[in-house]
1. What does the extension gain come out to for residue 280 and residue 317, with contour length at 0.36 nm per residue minus their alpha carbon separation?
2. Subtract the Cα-Cα distance of residue 14 and residue 217 from 0.36 nm times their separation in residues, and report this length gain in nm to one decimal.
3. Please enumerate, by chain and number, the lysines with C-alpha under 17 Å from the C-alpha of residue 121, excluding those fewer than 8 residues away in the same chain.
4. How much of the calculated P(r) for region 164-285 lies past 25 Å, in percent of all Cα pairs?
5. How charged is the neighbourhood of residue 280? Take every other residue with its Cβ under 9 Å from the Cβ of residue 280, and add Lys/Arg as +1 and Asp/Glu as -1.
6. Summing -39500 (n - 2.57) over the DSSP H runs of n ≥ 4 in the chain and dividing by its residue number, what mean residue ellipticity at 222 nm do you reach, to the nearest 500 deg cm²/dmol?
7. At 20 °C and 1.002 mPa s, grab the translational diffusion coefficient of region 1-103 from Stokes-Einstein with a Kirkwood Rh over Cα pairs, rounded to a whole number in µm² per second.
8. Expressed as a whole percentage, what fraction of the accessible surface of the chain belongs to carbon and sulfur atoms when a 1.4 Å probe is rolled over the protein heavy atoms?
Amino acid sequence: SEVFGWDSNFVMPRVQALSLGLQRDLFHRVALDVSYVGKLSRHLEDTVNINQARYIPGVDAAGQPLSTLANFDARRITVPITYQKINMIQSGGNASYHSFQMTTKYRTDHLTLLGAYTWSKGIDTGQSTSVQSVGHQNNLNLNGDRGLSDFHRAHVVRLSWVYNMPNFASMGAIHHLVGGWEVSGLTSLISGAPFSIPTGRDNALTATTNRADVVGDPSLPGGRSRGDQVAKYFNIAAFAPNGVGMFGNAGRNLMIGPRSSNTDLAFIKNFKLAERLGVQFRGELFNAFNQVNFGNPVNTVTAPTFGRLTSAASPRVVQFGLKVNY
């Protein structure tokens, strides 16, 4: 069974927003915006199981281990036997975000270009605002979960553009086919998402999720083929299950997954059929170049496919639409 409660020493969260920017027009049609943007968050709401099982080393008089997977409840710290979890809502979480952001815009009569680049780093203690979701490896040492934020993406590049084709009115009826099209696109290049390396079993015998031990260098030589990367994204020999009664020394979100690139395109044409009647044709291509964007690899040490890339984002999707305006 589980119970929930609020810590009597709960402090309201505090967030400080930091920013410093410079804007300037360049070459008449180009606008440049360069900024530092940061955020410092303290006393964030976090859910902690204060009734975590403790590991008791040694054996009893009969030679049986004092700590087993079968006697979690008898080893609960706060209220043994009665409750499995006492989820206490506390204010011990903290987070920091720092970023360099640059945007540039170019505009003419028919073309608008917008480019944006962000270089950032987010760090937190892995707090969860859900009383049903307690993900700490060790609820007695929350700083042990301090690592990259789940949303962390070191580099993000986006380029969007809109081009309105001329009407070609002087070309007679042909302008109805080739003129007046609006063509737009969005290209995104994004660094990989962070992920942890769980052991896949509770070797710590504390009824929590255990992370693995780092025993080597997780990186592999560059220049490997796509097939080699799919089969083994990182050096799986660099990780081993944590020892019995011990928490793994692998940090939270210490690994970075595959980067992604994607381009979406749209084509829009408005046809005037009468004074109050018009038709809009729209064609859209999502992942227009059918780029393969892998998800994070299998990250559980005890999984048969540990280290392999087994998932990917959606392939190219094409859709058309026709709308009547009256």
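1. Separation in residues times 0.36 nm, less the Cα-Cα distance, equals 11.3 nm.
2. Taking residue 14 through residue 217 to full extension adds about 69.3 nm, to one decimal.
3. Within the straight-line cut-off, residue 121 pairs with 39.
4. For region 164-285, the share of Cα pairs beyond 25 Å comes to 56 percent.
5. Around residue 280, the charge tally is +3.
6. Mean residue ellipticity, 222 nm, calculated: -500 deg cm²/dmol.
7. Reported coefficient: 118 µm²/s.
8. 58
The values are calculated or read from the model by the stated rules, or taken from the named source; none is laboratory data. None of the values given here were measured: they were computed from a predicted structure. Using ideal geometry, Cβ is built from the backbone for each residue, glycine included, and neighbour counts are taken over all protein chains shown. We work out accessible area using only protein heavy atoms, side chains counted, and drop any ligands, DNA or RNA first. Shrake-Rupley method; radii C 1.70, N 1.55, O 1.52, S 1.80 Å.
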